[in-house]
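The values are calculated or read from the model by the stated rules, or taken from the named source; none is laboratory data. Just so it is clear, the model here is predicted, and its values are computed rather than measured. Cβ: placed from backbone, ideal geometry, glycine included. Neighbour counts: every protein chain shown. Heavy atoms of the whole protein, side chains included, go into the accessibility calculation; ligands, DNA and RNA do not. Shrake-Rupley method; radii C 1.70, N 1.55, O 1.52, S 1.80 Å.
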Amino acid sequence: MRFNKDLEIERAMVIYAHPDDAEFGVAGTVAKWAKAGVEVTYCMVTNGASGSQDPDMTREKLRDIRYDEQRRAAKILGVKHVVFLGYEDGYLYPTLEVRRDVARQVRIHKPDVIIAMDPRFRVADEGYINHPDHIAAGEVALRTINPDASTRQMFPELWRDEKLEPHKPKALFLETFGEGGTVVDISDTMATKIKALLVHRSQLGPEAEGFISAWNKRTGKSAGYKFGESYRVILLDQPPAAETKPRRRARPASAATRGSAAGRRSAPRTSRPRAGGARAAKRSGGRVRRSR
């Protein structure tokens, strides 16, 4: 599948912390790409075993429920491989062990694109503090690109003992929650996204469908689509800008030009959907998610 003139995608890997994270954030894109023939792999880093307030629930039982929900959701979306690394939900850090386990999966499946959450996202305007597992999984995704999966002498046991050669993806897609970036048109796969999301019954309240639909509608509207998901797209094989386009010498600015620039700086920014709205409702025990 050709994403644009610079990026051809045959394989993609989605690296997220918990079962259901991908369905909330990127499932419309996943379904769209899978439909176009892209081989998609889910790499879920934790077991989801903390996602309940039920005093009668055990971690082992919830882990099995959430694994089953994730497998069924992935099947709806057309995801070919679902990998559970099994780290404990709520206790995740970007340790060397986690980094090696994720790098192993990248070397096995050799994705052209990795989709992940931006680890820089910490606090949303709605008063939501991002879950530390999300931050850790996003950090691991960045580190697997440089240096963990791409460098031979990082975790040398992977190529020496397991015969897994280094691999560097072509691009990284960081989810931006509708806050700028490149918007992917998911108008044709929004219904599939909702169907997959609703499989996660252990985590959802009755308002989930309407909330997510409204969120993706706002994101799509910013780019002229009915529904959309947004990303910061980093092309990893592109040479630095200084090598591709010679710099022009700056000319002294006229008084009129300086005035115009000052006006542009003082103009208010166009309002955009706030980052983290869906994630806030999902992880705070609010109107979408029952458990936390």
What's the total number of residues in the stretch 205-234 that are open to solvent by 50 Å² or more (accessible area, probe 1.4 Å), within 23 Å of V79 (Cβ to Cβ) and assigned to a helix (DSSP H, G or I)? 1
Filtered residues of the stretch 26-66 (kept if without any contact (Cβ under 8 Å) to a residue 40 or more places away in the chain and either within 21 Å of I186 (Cβ to Cβ) or touching a Gly at 6+ places or on another chain (Cβ under 7 Å) (or both)): W33, A36, G37, V38, R63
Being open to solvent by less than 10 Å² (accessible area, probe 1.4 Å), closer than 23 Å to L236 by Cα and out of contact with any strand residue (DSSP E or B) (no Cβ under 9 Å at 6 or more places or on another chain): is that true of A103 here? yes
Hey, does the stretch 6-26 have a residue that's more than 23 Å from A103 (Cα to Cα), crowded, with 24+ Cβ neighbours inside 10 Å and under 15 Å from the mean Cα position of the chain (by Cα)? yes
Quick one: in the stretch 139-156, of everything that is in a helix (DSSP H, G or I) and either in contact (Cβ under 8 Å) with a residue 40 or more places away in the chain or at positive phi (or both), which residue is surrounded by the most Cβ atoms within 10 Å (Cβ to Cβ)? T144
Within the stretch 27-66, how many residues are of a type in the set (A, V, I, L, M) and either touching a Ser or Thr at 6+ places or on another chain (Cβ under 7 Å) or modelled with pLDDT under 95 (or both)? 3
Being open to solvent by less than 40 Å² (accessible area, probe 1.4 Å), at pLDDT below 50, of a type in the set (S, T, Y) and assigned to a loop (DSSP other than H, G, I, E, B) is the requirement here; does S202 meet it? no
Here's a check for you: in the stretch 67-100, which residue that is among the acidic types (D, E), in a helix (DSSP H, G or I) and free of Cβ contacts under 8 Å to residues at least 60 places away in the same chain is least open to solvent (accessible area, probe 1.4 Å)? D68
